[in-house]
Every structure is written in structure tokens, then in C-alpha cells.
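Encoded as C-alpha cells, the structure appears first; notes follow it.
No value in this document is a laboratory result; all are computed from the given coordinates. What you are looking at is a predicted structure, and each value in this text was computed from that prediction instead of being measured. So basically every Cβ, Gly included, is an ideal-geometry build from the backbone, and we count neighbours across all protein chains shown.
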């Protein structure tokens, strides 16, 4: 069964259960959080909480 992918959402973490060919994401939704509370100054201060190891 082919999974639906999120338009415009790319993911290079190919050991995630939601990773699909072409670096696409098949999660129903994604959650990105800041490591620094409610604000982030750069990409390194954020994490994808949707990740699940395949």
C-alpha cells in the first residue's frame, strides 16, 4: 500500500518510519520543537519530534 506524503515536506533521515523515496515524509503531521523554549535562533536549535526509528 502506497503511503500519502506531505506536500512540500522533505526529510533526509532515511531510517525514519515516515521516510519515503525521494526524501518525502509520509507522517500524518509533523511536530518541530525548539531546544531553547519557545524561540529558536537557528536551525540547530530545533528538533523534529515526529521521528520514529525504522
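Taking 16 Å as the cut-off, the amide N atoms of the stretch 1-34 that come nearer than this to a point 7 Å along the Cα-to-beta-carbon line of residue 49 belong to 28-34. By other beta-carbon atoms within 10 Å, ranking 6, 31 with the fewest at the front produces 31, 6. Listed by Cβ neighbour count within 10 Å, with the fewest neighbours leading, 41, 26 appear as 41, 26. Counting only the Cα atoms, the chain fills a convex hull of 93 Å³ per residue.
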